[in-house]
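Before anything else, here's the structure in question.
The values are calculated or read from the model by the stated rules, or taken from the named source; none is laboratory data. What you see is a predicted model, and the numbers here were worked out from it, not measured in a lab. Using ideal geometry, Cβ is built from the backbone for each residue, glycine included, and neighbour counts are taken over all protein chains shown.
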Amino acid sequence: FELVDLIRQILQGGKHIYDKRISYIKTSSLYIEPQGKDRMMINLDGEYGGDAPIQLQNLKNHIEFYANIDEISDDAITLPDTDELALEAIAQKFSTEAEKIEND
């Protein structure tokens, strides 16, 4: 139920960063190394990012994108209001049900 609780906190506006089970750190540079001899695989946004030890650095504003937005459909850029409302309703229902589980 811990994962369900953390997901609920995420859906409630990012409150998970204040949870005692989460280490939330802002930094521009990070060095990761394993504590023992076991292999430590790095996950970067759901993708394999190599093995530790690894040095990560935030290259702020490093990538620039250019696009002719006149050629792109508005539907491809933003969700229609009805879709956003439906997603918000689903997130709210999930949060409510997760709270019920936690309180039982």
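Name every residue in region 1-18 that is touching a helix residue (DSSP H, G or I) at 6+ places or on another chain (Cβ under 6 Å) and without any contact (Cβ under 8 Å) to a residue 60 or more places away in the chain, in order of residue number.
Matches in region 1-18: LEU6, GLN9, ILE10, LYS15, HIS16.
Which members of region 12-23 meet the condition of being within 21 Å of ALA52 (Cβ to Cβ) and either modelled with pLDDT under 85 or among the acidic types (Asp, Glu) (or both)?
Going through region 12-23, the residues within 21 Å of ALA52 (Cβ to Cβ) turn out to be 22-23.
The one that is within 21 Å of ALA52 (Cβ to Cβ) and either modelled with pLDDT under 85 or among the acidic types (Asp, Glu) (or both): SER23.
Within region 1-19, can you find the residues that are surrounded by 11 or more Cβ atoms within 10 Å (Cβ to Cβ) and touching a Phe, Trp or Tyr at 6+ places or on another chain (Cβ under 9 Å)?
Once the filter is applied, which keeps residues that are surrounded by 11 or more Cβ atoms within 10 Å (Cβ to Cβ) and touching a Phe, Trp or Tyr at 6+ places or on another chain (Cβ under 9 Å), region 1-19 yields VAL4, ILE7, ARG8, GLN9, LEU11, HIS16, ILE17.
Of everything in region 50-67 that's more than 23 Å from ILE77 (Cα to Cα) and either among the hydrophobic types (A, V, I, L, M, F, W, C) or within 16 Å of the chain's Cα centre (by Cα) (or both), which residue is surrounded by the most Cβ atoms within 10 Å (Cβ to Cβ)?
Restricting to residues being more than 23 Å from ILE77 (Cα to Cα) and either among the hydrophobic types (A, V, I, L, M, F, W, C) or within 16 Å of the chain's Cα centre (by Cα) (or both), the top hit is ALA52.
So ILE22 clears everything in (1) assigned to a loop (DSSP other than H, G, I, E, B); (2) aliphatic (A, V, I, L, M); (3) loosely packed, with under 10 Cβ neighbours inside 10 Å except one condition, right? Which one?
Unmet for ILE22, out of (1) assigned to a loop (DSSP other than H, G, I, E, B); (2) aliphatic (A, V, I, L, M); (3) loosely packed, with under 10 Cβ neighbours inside 10 Å: (3).
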